[in-house]
There are 2 protein chains.
Amino acid sequence: MTTITAVTAHDVRFPTSLSMDGSDAMNKDGDYSAAYVVIHTDDPEVRGYGFTFTIGRGNDLCVEAARQRGLPLVGRSVDEAVADLGSVYRELSSDSQLRWLGPEKGVVHLAMAAVMNAMWDLAARVAKKPLWRLLAEMTPEQLVDAADLRYLSDALTREEAIAILAEKAPTRAARIADLEARGGYPCYTTSAGWLGYSDEKLRRLLQEAVDEGYRHVKLKVGSDVEDDIRRLRIAREVIGWDANLMIDANQVWDVPEAIEWVGRLAEFRPMWIEEPTSPDDVLGHAAVRRAVAPIGVATGEHGMNRVLFKQMFQAEAIDYCQLDSARLASINEILAVYLMAQKFGVPVCPHAGGVGLCELVQHLSIFDYVCVSGTLENRVTEFVDHLHEHFVDPCIVENGHYAMPSQPGYSAEMHEASVARFAFPTGGYWAEAVA
Amino acid sequence: MTTITAVTAHDVRFPTSLSMDGSDAMNKDGDYSAAYVVIHTDDPEVRGYGFTFTIGRGNDLCVEAARQRGLPLVGRSVDEAVADLGSVYRELSSDSQLRWLGPEKGVVHLAMAAVMNAMWDLAARVAKKPLWRLLAEMTPEQLVDAADLRYLSDALTREEAIAILAEKAPTRAARIADLEARGGYPCYTTSAGWLGYSDEKLRRLLQEAVDEGYRHVKLKVGSDVEDDIRRLRIAREVIGWDANLMIDANQVWDVPEAIEWVGRLAEFRPMWIEEPTSPDDVLGHAAVRRAVAPIGVATGEHGMNRVLFKQMFQAEAIDYCQLDSARLASINEILAVYLMAQKFGVPVCPHAGGVGLCELVQHLSIFDYVCVSGTLENRVTEFVDHLHEHFVDPCIVENGHYAMPSQPGYSAEMHEASVARFAFPTGGYWAEAVA
C-alpha cells in the first residue's frame with residue numbers, strides 16, 4: 001500500500017513585473033507566482049503536483065494555507081484517496097475553522113485549489129493517464145460523485161447533472177478522435193495585448209499572432225479611453241474585421257462607467273468585454289450585458305466559487321464563463337460549474353495565462369468538449385505564451401490549438417531547478433536580486 | 001509630529017470549543033480568536049488597537065496578512081493619517097498583488113478590517129472621543145470622503161450618500177440625548193441558544209435572559225428538525241409569544257431545503273431566519289425570502305464586502321442586514337453599507353459575539369441611529385456574553401441595552417495579560433494545554 005507521507009508547499013515567484021508582461025488597468029506590476037504543492041508518498045515514483053496562481057505579495061499566505069489544508073492527507077492510502085476524491089474534497093472543505101476565513105473564497109479557497117489540483121494530478125499519474133482522459137473514462141455517476149453540488153440544487157439537481165453527462169457518454173470516443181484530427185482544442189492569445197506594451201510592440205505581436213494562425217486576439221482596455229481607441233484601431237488594421245477581437249477591463253469600472261466606456265469602443269466590434277466591473281457583481285454584469293448587447297459579457301477569472309457562477313447563470317449575466325482552474329477548488333468544484341454552464345447554455349472559455357494555468361486548462365477544455373458540451377461553438381480557450389519553460393510537460397500550442405496532452409497527470413509539475421531558483425525569497429534569483 | 005513606528009499583529013485564541021460556547025449547525029468546535037493589531041507610534045501614549053475575528057485555525061494567516069497590510073503605514077505622520085482615513089484606506093486597498101487574493105474578500109480583506117479598525121481606534125483616541133462620537137461629529141462630506149463607494153454608483157451615488165447624511169445632521173444631538181435617556185442602544189442575546197447546550201441549560205439561560213430584560217432571543221437551528229421543534233417549543237414556553245424569537249441556521253441548507261425546513265418551524269413565529277443558505281447567494285436569499293414571508297430573512301456575518309450587500313439590497317433579498325464589524329473593511333466600507341441600507345429601507349442589526357465584536361458594534365449602532373437611520377424601529381443589535389473580561393473598556397449591557405461608550409477609541413484594546421496568556425501557540429494557556 002502506498003501512503004501519503006507529506007504535503008509540502010513552496011513559494012515560487014517569477015519577476016514578470018520587470019517586463020510589464022501581464023500589465024493591465026488593475027494589475028500594473030504583477031510578479032506571476034505559484035503556491036506550489038507537492039504530495040509525497042512512501043514511493044518516490046508516486047507524487048502529485050498542483051498549485052494556485054497569484055501575482056506576488058501574499059503568495060506566502062497561500063503557501064501556508066495550503067500546508068494547513070494538506071495536513072489531513074498525511075498518512076492516507078493513495079489508492080483509497082484517489083478512488084474517491086469527492087470524499088477527500090468534502091472532508092477537507094468541512095474544516096469549519098478554516099471555512100470561517102471564507103467561506104469558500106480568498107486565500108483558504110485558493111489553497112484548496114492548490115491541494116486538490118495536486119490530488120487530481122496524483123490520481124491521473126497513478127492511473128497513468130493525462131487528467132483529461134482519466135475524467136473522460138469516468139462514468140456520469142462517478143463524475144457527479146466527485147462534483148461539489150452543495151448550494152446548487154435550486155439550479156442543478158444531482159439527477160440533472162447525471163443526465164447531462166449521460167447524454168454525451170456514448171459519443172465520447174468520437175469527439176476525442178475529432179480533437180486529435182483537428183490538432184487539439186482551439187485557443188486565443190492575450191500575449192499581444194498587455195497595457196504596458198508600446199504601440200509598436202502591440203502591432204508586431206498582433207501580426208505574429210495572425211501569422212501563427214490565431215483567429216481571436218484580446219487587448220487590455222480601461223486605463224484611458226483615447227488610448228483604447230487608438231490601440232483597437234491598430235488591432236483591427238492588423239487582424240482585419242473577420243478575426244475576433246476581445247477586450248478586457250480587469251474590473252476597473254463601476255457599472256454605469258462600464259456601459260458608457262464600452263459604448264465608445266463598440267465601433268471596433270469586440271466579441272466580448274471581459275471583467276467590466278467587480279467580479280462579485282452578478283446583477284451589475286447582468287445590467288452591463290443588457291446595455292452593451294450584441295457585445296458579449298465575459299467574466300470568471302476572479303469568480304470565487306460555484307455559488308457565484310450559479311447566480312451568473314440564473315441572472316443571465318454573462319455570455320462567456322471564464323472559470324479559473326486555480327481559483328475554483330479544483331476539478332470537484334469545476335465540474336459543478338461546467339454542468340451548470342451546460343444546463344444554462346453558456347459556453348465556458350477558461351481563463352489562463354499567469355504561470356501554469358495554460359497547462360491546466362487544456363485538460364478542462366478537452367473534458368468539456370468530450371463529456372459535457374459536445375460542441376466547440378463559441379468556445380475558445382485562453383493561451384498566453386509565458387513561463388511554460390518551467391514545466392516538465394508544458395502545453396504545446398500550434399496553429400491556434402492546444403495539442404492533446406499525452407503524459408500522465410495534470411501537467412502541473414515544475415522543474416525542480418525552476419522551483420529552486422525562483423523560490424521566494426531565498427532562491428538563487430531572488431537572493432541575487434536583493435544583493 | 002507623532003509618527004507610526006510599527007504595526008504589530010498577534011495571534012490570540014481562546015479555547016471556547018471546550019464549553020461548546022458558539023456551537024451551531026456549521027461551526028461545531030470554534031475557538032474564538034482575534035488577529036489583533038497594534039499600531040505603535042513614537043509616543044508611548046498614542047496607540048491604536050484593532051482586530052479581526054476568526055474561530056481558530058487560520059488565525060495565523062490573518063495575522064500575517066495584517067502584518068503585510070500594515071507595512072505601508074510605518075513612517076507616516078499620525079495627524080495626517082487620521083485626518084484622511086479615506087485616502088489611507090484607498091492606498092492600502094489598491095495593492096494589486098494582495099488584491100489578487102480576494103479581491104476584497106477572505107483573509108486579505110479580514111486583515112484590512114483588522115488594520116483599519118486599529119486606525120479608526122487610533123483616530124478616536126487622538127481625538128479623545130469614543131469612535132461613535134468622532135463619527136457623529138464629522139460632516140456628511142467628511143463621512144462620504146471616508147466611505148468606499150467603489151462599484152456602488154448604480155445603487156448609491158456620492159450625492160445621494162451626502163443627502164442621506166445631511167437630512168439627519170441637524171437633529172443628531174437630540175438622538176444622542178435620546179439614547180442617553182434610554183440607557184443606550186437596544187440589543188438581543190444569543191447566549192442562550194447554542195446548539196451544543198442541553199435542554200435544561202437552554203431553559204435556564206432563556207429564563208435568565210427574560211429576567212435580565214431582553215425582548216429578543218435567538219436560537220441556533222438546522223442540525224435536526226425534530227430537535228429544533230422541541231427547542232423552539234421550550235423557547236416559547238419560557239419567553240411567551242409577545243417576545244421576539246429569532247432562529248439561525250448558519251448556512252447549512254440549500255435553497256429548497258431552507259424553504260421546507262423553515263416552513264416546519266413557522267408555527268413558532270420566528271421574527272427572522274438567519275443565514276438560511278450560502279452567504280454568497282443573493283438570488284437564493286431572495287427566493288427564500290419570497291417563500292417564507294412573513295418570516296424575515298437576515299444575513300451578513302459572512303457578507304464578504306459592500307458589493308455583496310449592494311446586490312442583497314437591489315434584489316430585495318433580506319429584511320435585516322447583519323453586517324460584521326471585523327469582516328467588512330472597517331468604517332470605510334461599513335459606512336457604504338449603512339448608507340445603502342438606508343436608501344433601500346433595510347434595517348441594520350449588526351452581527352456580534354465572538355471575541356470583541358460586541359465592543360465594536362455598539363459604536364456602529366449608535367452612529368447609525370444618530371447619523372443615518374434616525375430610528376430604532378426593527379433594529380436590535382446582537383449581544384453575546386462571552387470574553388468581555390479581556391477588554392480594557394468592555395461593553396456594558398444592562399436591561400437589554402448597550403450603554404453608551406465613553407472612553408476614547410473603538411473599545412478594541414485587550415488587556416496585555418490576556419494577549420500574553422492566550423497568544424497562540426506560545427502563550428501561557430496554550431503552552432500548558434500542550435504540556
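The values are calculated or read from the model by the stated rules, or taken from the named source; none is laboratory data. Please read all numbers here as calculations on a predicted model, not as lab measurements. Here the Cβ positions follow ideal geometry from the backbone for every residue, glycine too, while neighbour counts run over all protein chains shown. These accessible areas exclude ligands, DNA and RNA; they are computed on the full protein's heavy atoms, side chains included. Shrake-Rupley method; radii C 1.70, N 1.55, O 1.52, S 1.80 Å.
Counting every C-alpha pair in the stretch B:165-416, the share spaced more than 26 angstrom apart comes to 38%. The figure for A:K168 is an accessible area of roughly 30 square angstrom, using a 1.4 Å probe on the protein chains alone. Probe radius 1.4 Å, ligands and nucleic acids ignored: give me the carbon and sulfur share of the accessible area of the stretch B:206-294 as a rounded percent. In the stretch B:206-294, the share of accessible area belonging to carbon and sulfur is 46 percent. For the stretch B:230-375, averaging the sequence separation of C-alpha pairs within contact (under 8 Å, six or more residues apart) and dividing by the residue count gives a relative contact order of 17 percent. Each 10 Å bin, from zero up to the one with the longest distance, holds this percent of the alpha carbon pairs of the stretch B:68-223: 8, 24, 26, 26, 15, 1. Centroid-to-centroid, using Cα positions, the stretch B:105-170 and the stretch A:59-75 are 36 Å apart. Rounded to the nearest 100, the interface formed by chains A and B buries 5200 square angstrom of accessible surface, both chains summed, with a 1.4 Å probe.
Charge dipole of chain B (Cα centre as origin; +1 on each Lys and Arg Cβ, -1 on each Asp and Glu Cβ, all else neutral): 380 debye, rounded to the nearest 20.
Computed from point charges on the beta carbon alone (+1 for Lys and Arg, -1 for Asp and Glu), the dipole magnitude for the stretch A:165-416 about its Cα centre is near 720 Debye. Farthest towards the positive end of the charge dipole of the protein assembly as shown, among the residues A:S411, A:I331, B:L283, is the Cα of B:L283, using unit charges on the Cβ of Lys, Arg, Asp and Glu.
So what is the relative contact order for chain B, in percent, with contacts set as C-alpha pairs under 8 Å and at least six apart? Relative contact order, chain B: 19 percent. With K and R counted +1 and D and E -1, the other residues having a Cβ less than 9 Å from that of A:A127 yield a net charge of +3. For the stretch B:187-328, the Cβ-based charge dipole about the Cα centre amounts to some 280 debye (Lys, Arg positive; Asp, Glu negative; other atoms uncharged). Only loop residues by DSSP count here, and only those with at most 10 other Cβ atoms within 10 Å; note down the chymotrypsin sites (Phe, Trp or Tyr not before Pro) in the stretch B:168-254 that meet that. Sites meeting the loop and neighbour criteria: B:W241. Solvent-accessible surface of the protein assembly as shown, taken per residue with a 1.4 Å probe and all protein chains present: 33 Å². Shielding by partners for peptide A:26-34, expressed as the average number of C-beta atoms from other protein chains within 10 Å of each residue's C-beta, is 2.
Compactness of chain A is given as radius of gyration and Dmax, 20.6, 64 Å, from Cα positions.
Once Lys and Arg get +1 and Asp and Glu get -1 on their Cβ, which of B:Y429, B:P350, B:A249 lies farthest toward the positive end of the dipole of chain B? Selected residue: B:P350.
A straight Cα-to-Cα reach below 17 Å connects B:K105 with the lysines A:K105, B:K310, residues fewer than 8 places away in its own chain not being considered.
Projecting the Cα atoms of A:A66, A:Q311, A:N399 onto the dipole axis of chain A, where Lys and Arg carry +1 and Asp and Glu carry -1 at the beta carbon, places A:Q311 farthest toward the positive end. For A:E416, the accessible surface of its heavy atoms amounts to roughly 140 Å² (probe 1.4 Å, protein chains only, rounded to the nearest 10).
Of all lysines in the structure, the ones whose alpha carbon falls short of 22 Å from that of B:K220, not counting any fewer than 8 places away in one chain, are B:K28, B:K201.
Label zone of B:R264 (point 7 Å out along Cα→Cβ, amide N under 12 Å): in the stretch B:214-247 this covers B:222-230.
Other protein chain C-beta atoms within 10 Å of residue C-beta, averaged over A:255-266: 1. Net charge in the neighbourhood of A:R421 (other residues with Cβ under 15 Å of its Cβ; Lys, Arg +1, Asp, Glu -1) is -4. Alpha-carbon geometry of the protein assembly as shown: the Rg and the Dmax are 26.8, 82 Å, given in that order.
Distance from the C-alpha centroid of the stretch B:194-242 to that of the stretch B:401-435: 30 Å, rounded to the whole angstrom. Between the amide H of B:H386 and any residue lying 5 or more places away or on another chain, no distance stays under 5 Å, with hydrogens modeled in the peptide plane. Kirkwood analysis of the stretch A:243-311, using all unique Cα-Cα pairs, places the hydrodynamic radius at 12.0 Å. In percent, rounded to a whole number, the relative contact order of the stretch B:316-388 is 34, using alpha-carbon pairs under 8 Å and six or more apart. Across peptide B:53-60, the average count of Cβ atoms from other chains found within 10 Å of a residue's Cβ is 6. For A:K168, the lysines whose Cα comes closer than 18 Å to its Cα, not counting residues fewer than 8 places off in the same chain, are A:K343.
What the Cβ-Cβ distance of B:K28 and B:E389 gives, at R0 = 22 Å and to the nearest 0.05, is a FRET efficiency of 0.35. From most to least packed by mean Cβ count within 10 Å, the peptides A:206-213, B:370-377, B:118-125 give B:118-125, B:370-377, A:206-213. Taking all protein chains as they are arranged and a probe of 1.4 Å, the heavy atoms of A:M404 leave approximately 40 Å² accessible to solvent.
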